[in-house]
Amino acid sequence: MMKTFYPFTIEAVELGRRMTYTSMFLYLTEPSIPLEIAYRLWVLRNGTRTILVDTGPPREEGEKRGLTS
């Protein structure tokens, strides 16, 4: 018996943005270069399923940074 394949669509959902500096993320860079960070998650959908993909930090790290509720 053959299964029916339903291709997924992928949608990016932007949760927010914030400004910081490259020195917070990139080793040995100039400390005063501004960097905008976007926080996103992804929604994958097909005819039968919806999957949410969050590639953010682990919960413990998010709690330390005040990013989770």
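Under unit Cβ charges (Lys, Arg +1; Asp, Glu -1), what dipole magnitude, rounded to 20 debye, does the chain have relative to its Cα centre?
Using only the charged Cβ atoms, the result is roughly 320 debye.
What does the accessible area per residue of segment 13-62 come to in Å², with a 1.4 Å probe and no ligands, DNA or RNA counted?
80
At most 12 other Cβ atoms within 10 Å plus a DSSP loop assignment makes a site exposed; report the longest stretch of the chain without any exposed trypsin sites (Lys or Arg not before Pro).
4-48
Probe 1.4 Å, all protein chains in place: accessible area of residue 29 in Å², nearest 10?
Here the residue's solvent-accessible area equals roughly 50 Å².
Taking a probe of 1.4 angstrom, what is the accessible area of residue 4 in Å², to the nearest 10?
The accessible area comes out at roughly 100 Å².
Would you mind telling me the share, in percent, of accessible area of the chain contributed by carbon and sulfur at probe 1.4 angstrom?
Looking at the chain in its full context, I get 57 percent from C and S.
Specify the longest stretch of the chain that does not include any exposed loop site, a site being one of the chymotrypsin sites (Phe, Trp or Tyr not before Pro) with a non-H, G, I, E, B DSSP assignment and at most 15 other Cβ atoms within 10 Å.
Longest stretch, sites excluded: 28-69.
Using label points projected 7 Å from each Cα along Cα→Cβ, tell me how many nm separate residue 28 and residue 59, to one decimal.
3.8
Here are some values of Rg and Dmax of the Cα atoms in Å: [x] 11.7, 35; [y] 17.7, 61; [z] 12.8, 38. Which one was computed from this structure?
[y]
With each run of n ≥ 4 DSSP H residues scored as -39500 (n - 2.57), what mean residue ellipticity at 222 nm is computed for the chain after dividing by its residue count and rounding to the nearest 500 deg cm²/dmol?
Helices in the chain give a 222 nm mean residue ellipticity of -2500 deg cm²/dmol.
The values are calculated or read from the model by the stated rules, or taken from the named source; none is laboratory data. This structure is a prediction, so every number in the text was calculated from the model and none was measured. Because the Cβ atoms are built from the backbone with ideal geometry, glycine has one as well, and the counts that use them run over all protein chains shown. Just so you know, the surface numbers come from the protein's heavy atoms only, side chains and all, with ligands and any DNA or RNA stripped out. Shrake-Rupley method; radii C 1.70, N 1.55, O 1.52, S 1.80 Å.
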